[in-house]
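**Q** Shown below is the structure under consideration.
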Amino acid sequence: MSTSPVAVRGPDRNPRAGVVVGPIGLAWRPRLIAVTVVALAAALVLLVVSIGVGSVALTPVDVVRALTGGGTDLQRLIVLQLRLPRALTGALVGLVLGIAGALTQTFTRNPLATPDVIGVTSGASAGAVAAIVLGGGTYSVSTLLLGGGIPVAATLGALIAAALVYGLGWRGGVESYRLILVGIGVGSVLTAITSYLLVRAQISEAQQATVWLVGSLSGASWPSLWPLLAVASVAVPLSIATSTALGLSQLGDETAVGVGLSIQRHRLTVIALAVVLTAAAVAAAGPVGFVAFVVPQVALRVAATSRPPIVLSGLVGTALVLAADLAGRTVFPGEVPVGLVTTVVGAPYLIWLLVRHRKELVS
Amino acid sequence: MTTTTLPALEARGLRLAYDGRTVFAGLDLRIEPGSVTTLVGANGSGKSTLLKALGRILKPSAGEVLLEGEPIARLATKEVARRLALLPQSPSAPPGMSVRDLVLRGRNPHQTWARPWSPDDAAVVDRALEATGLTDVADRDVAALSGGQRQRVWIALVVAQEAATLLLDEPTTFLDLTHQLDVLRLVRRINRESGSTVVMVLHDLSLAARYSDRLVVLHGGGVVADGPPAEVITPATLELAFGLRARVIPDPVTGTPLVVPEDD
Ligand SMILES: Nc1ncnc2c1ncn2[C@@H]1O[C@H](COP(=O)(O)OP(=O)(O)OP(=O)(O)O)[C@@H](O)[C@H]1O
Ligand SMILES: [Mg+2]
């Protein structure tokens, strides 16, 4: 029998083999497991390297020693108080954005439908900027975050954006580009609102908010990390738990219901998770562009699966954000915000996708 | 005919509408267990609409559907999926999904959250692939198959679901005559061997007559003829439901009605 060039043969595409342990039974997917382990290792290495880089350079051994309670007092201070919050924020932002993108791309069956492309990130930013400008008078991350201001406002903004996009754009069906077009429109309106808020703001607030709006880890601290950590520890396991349902939703609504998926509940779960994950990332680091959009597609390709695997997308997101932050701090003179680096990487991919799908867009 | 058995599916006073546009105003239908029923009618006569309502995809604006006597709307969707499988009119698979991977998803109603795979499931999938003649292409990308092979993949998914009632919307569209016959023979074999109830939609009236116990002709928002193929397929019904002038002769092979359109 001749094989077509599209038919990649491999063990992952053959869930005939599996593993059964007590009540747990899983198809054996060695390639997925292998690339996930590699991604995890890469993320950990980047985390350690990222903590080591700075005005006082530390070797990876110093970093690990300080993390585990050893090393000098100064090393522990630098690692635990100054650099760990930033590195962990970057790691978690990448994790939750990668997962949010994987959720929405699978559920809409459209690689363009990610929080950053369809306006949910803009909603979160508008909410956060409103909290900064209208709420505080001065932009003080720590006090606002401690009061829950920015995370709550970002979540509200993301929810409003998601509700608008879903309400106005869904009717054309999941594969329709209507959702994308409405999302881009909603995103533009929300970005305009953000700009208006910035124009009205005091010059110093506006300046700081602008840096934050590019997506930056420079303001990360333990207080700004806690809300993100709390959201991630609940929403990430829940996202992993939607895996089976996501696999069914890939077959289209009617078939998915046919094999027993409660599509309504699934839709609400996925939207809620994507909104909460996106808002948490935006509240902690600003809108780090294109991570949710690019990362799941990378994960899908390296794993050779039919949809972006959730865990792998999260780990690739972590690696990408940490690497982008590292590049922003070391490759260029001065400090380039992480969001700028990810945008430079991600924007060309968006343009390529749009050009490739031009036909569907105009029809 | 008196039956004491519960109908496999029953529609009672079904009113089906899209955004206020009514397709059926009040439809009653009983599907006997173990029978093969085919819905026929012109394009847009509401065959898919009715099938969707029977499969709880479309919510009726009035009336109800009973699955083995129980209101389908009140059963958990996974419970329904164990008893009823459905094949939509034009399903589509995402790129990169293998045949076996897709068919495995048909096992979902029998799986628990922690166990999306078991050796049993793998065995059922193997049998479904064999029954549909797909064993050789099991590891290929669904998107890389021919239209006819792809159609059989979706049928394999429904077979793997092991439900007592199957709803199939145009399972033979896009197939050449040989493969149409393959699919219909497979449907009949499943019906005979496991006593499954089948409700399907077909456009070829002669094949529908050959492979069905009962035909239901839909037209103008209702049922215009209903019964054994030999009674239903008449020149008068064809004229009414399809606006078709045709003769009906006995099929020389099976004796079932064969539709021969008049010359223009
Ligand atoms: N999603 C929908 N929204 C609005 N109207 C619909 C929708 N689906 C079907 N209809 C309308 O309902 C009527 C019945 O359509 P249905 O799809 O049930 O026909 P059908 O008999 O299956 O036709 P075909 O042979 O072409 O598949 C048609 O007039 C159609 O335009
Ligand atoms: Mg139809």
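The values are calculated or read from the model by the stated rules, or taken from the named source; none is laboratory data. The shown structure was predicted, so the numbers you read here are calculated from the model rather than taken from an experiment. All Cβ positions, glycine included, derive from the backbone under ideal geometry; neighbour counts span all protein chains shown.
**Q** Would the stretch B:52-71 turn up any residue that is more than 14 Å from chain A (Cβ to nearest Cβ), free of Cβ contacts under 8 Å to residues at least 24 places away in the same chain, surrounded by fewer than 17 Cβ atoms within 10 Å (Cβ to Cβ) and not hydrophobic (A, V, I, L, M, F, W, C)?
**A** yes
**Q** For B:Ala241, all conditions in the list (1) loosely packed, with under 14 Cβ neighbours inside 10 Å; (2) touching a residue at least 12 places away in the same chain (Cβ under 8 Å) hold save one; what is the number of the exception?
**A** Of the numbered conditions (1) loosely packed, with under 14 Cβ neighbours inside 10 Å; (2) touching a residue at least 12 places away in the same chain (Cβ under 8 Å), the odd one out for B:Ala241 is (1).
**Q** Residue check: is B:Asp101 facing another protein chain (nearest Cβ under 7 Å), in contact with a Lys or Arg (Cβ under 8 Å, 6 or more places away or on another chain) and free of Cβ contacts under 8 Å to residues at least 12 places away in the same chain?
**A** yes
**Q** Does A:Val336 qualify as being more than 14 Å from every other protein chain (Cβ to nearest Cβ), free of Cβ contacts under 8 Å to residues at least 60 places away in the same chain and either in contact with a Ser or Thr (Cβ under 6 Å, 6 or more places away or on another chain) or not in a helix (DSSP H, G or I) (or both)?
**A** Numbers: more than 14 Å from every other protein chain (Cβ to nearest Cβ): yes; free of Cβ contacts under 8 Å to residues at least 60 places away in the same chain: yes; either in contact with a Ser or Thr (Cβ under 6 Å, 6 or more places away or on another chain) or not in a helix (DSSP H, G or I) (or both): yes.
So A:Val336 fits the description; yes.
**Q** Kindly provide the set of residues from the stretch B:40-57 that are more than 8 Å from ligand 1 (Cβ to nearest atom) and not in a helix (DSSP H, G or I), ordered by number. Even if it seems obvious, please write down each step before you answer.
**A** Start the filter on the stretch B:40-57 by keeping residues that are more than 8 Å from ligand 1 (Cβ to nearest atom), which leaves B:40, B:53-57.
Matches in the stretch B:40-57: B:Val40, B:Gly55, B:Arg56, B:Ile57.
**Q** Has the stretch B:172-179 got any residue that is in contact (Cβ under 8 Å) with a residue 24 or more places away in the chain, more than 12 Å from every other protein chain (Cβ to nearest Cβ), within 22 Å of the chain's Cα centre (by Cα) and in a helix (DSSP H, G or I)? Quick ask: steps written out before the conclusion?
**A** Just the residues of the stretch B:172-179 that are in contact (Cβ under 8 Å) with a residue 24 or more places away in the chain, to begin with: B:172-176, B:179.
Okay, now just the ones that are also more than 12 Å from every other protein chain (Cβ to nearest Cβ), so B:172-176, B:179.
Okay, now just the ones that are also within 22 Å of the chain's Cα centre (by Cα), so B:172-176, B:179.
Of the ones still in play, those that are also in a helix (DSSP H, G or I) are B:179.
Yes, some residue in the stretch B:172-179 is in contact (Cβ under 8 Å) with a residue 24 or more places away in the chain, more than 12 Å from every other protein chain (Cβ to nearest Cβ), within 22 Å of the chain's Cα centre (by Cα) and in a helix (DSSP H, G or I).
**Q** Considering only the stretch B:156-174, how many residues are of a type outside the set (S, T, N, Q) and more than 16 Å from ligand 2 (Cβ to nearest atom)?
**A** Narrowing the stretch B:156-174 to residues of a type outside the set (S, T, N, Q): B:156-160, B:162-164, B:166-171, B:174.
Of the ones still in play, those that are also more than 16 Å from ligand 2 (Cβ to nearest atom) are B:156-160, B:162-164, B:166.
Residues in the stretch B:156-174 being of a type outside the set (S, T, N, Q) and more than 16 Å from ligand 2 (Cβ to nearest atom): 9 in total.
**Q** Sticking with this structure for a sec: When only residues in the stretch B:28-51 that are of a type outside the set (Ser, Thr, Tyr) and more than 12 Å from ligand 2 (Cβ to nearest atom) count, which is farthest from the other protein chains (Cβ to nearest Cβ)?
**A** Step by step, filter the stretch B:28-51, then rank; the result is B:Asp28.
**Q** From the residues in the stretch B:186-215 that are assigned to a strand (DSSP E or B) and surrounded by 22 or more Cβ atoms within 10 Å (Cβ to Cβ), which one is farthest from ligand 1 (Cβ to nearest atom)? Walk me through how you get there before you give the answer.
**A** Of all residues in the stretch B:186-215, those assigned to a strand (DSSP E or B) come to B:197-201, B:214-215.
Within this subset, residues satisfying the condition of being surrounded by 22 or more Cβ atoms within 10 Å (Cβ to Cβ) are B:197-201, B:215.
On the way: B:Thr197: 20, B:Val198: 17, B:Val199: 13, B:Met200: 12, B:Val201: 6, B:Leu215: 14 Å.
Looking at the filtered set, the residue picked out is B:Thr197.
**Q** Can I ask one more? Say we look at the stretch B:137-173 and pick out the residues that are among the charged types (D, E, K, R) and at pLDDT below 95; which of these is nearest to B:Thr37 (Cα to Cα)?
**A** B:Arg152
**Q** If you don't mind, another one. Farther than 30 Å from B:Asp121 by Cα, away from ligand 2 (no atom under 16 Å from the Cβ), surrounded by 20 or more Cβ atoms within 10 Å (Cβ to Cβ) and more than 12 Å from chain A (Cβ to nearest Cβ): does that describe B:Ala11? Give the steps one after another, and end with the answer.
**A** Details: farther than 30 Å from B:Asp121 by Cα: yes; away from ligand 2 (no atom under 16 Å from the Cβ): yes; surrounded by 20 or more Cβ atoms within 10 Å (Cβ to Cβ): yes; more than 12 Å from chain A (Cβ to nearest Cβ): yes.
Taking the combined requirement at face value, the residue satisfies it.
**Q** Given the conditions (1) within 18 Å of the chain's Cα centre (by Cα); (2) of a type outside the set (Phe, Trp, Tyr); (3) more than 23 Å from B:Thr135 (Cα to Cα), and given that B:Gly255 satisfies all but one, which numbered condition is not satisfied?
**A** Looking at each condition in turn, B:Gly255 falls short on (1).
**Q** Still on this model: Just to be sure I understand the filter: pairs with C-beta atoms under 7 Å, separated by 6 or more residues or on different chains, first member in the stretch A:149-168 and within 17 Å of A:Ala235 (Cα to Cα), second member crowded, with 21+ Cβ neighbours inside 10 Å and of a type in the set (S, T, N, Q). Which pairs pass?
**A** A:Ala158/A:Thr278
**Q** Further question: Take the residues in the stretch B:139-158 that are of a type outside the set (Asp, Glu) and touching a Ser or Thr at 6+ places or on another chain (Cβ under 6 Å), then tell me which one is farthest from the other protein chains (Cβ to nearest Cβ). Reasoning before the result, please.
**A** Taking the stretch B:139-158 as the starting set, the residues that turn out to be of a type outside the set (Asp, Glu) are B:140, B:142-158.
Adding the requirement that they be touching a Ser or Thr at 6+ places or on another chain (Cβ under 6 Å) leaves B:144, B:152, B:155-156.
Working: B:Ala144: 4, B:Arg152: 15, B:Ile155: 12, B:Ala156: 13 Å.
Checked the stretch B:139-158; the qualifying residue farthest from the other protein chains (Cβ to nearest Cβ) is B:Arg152.
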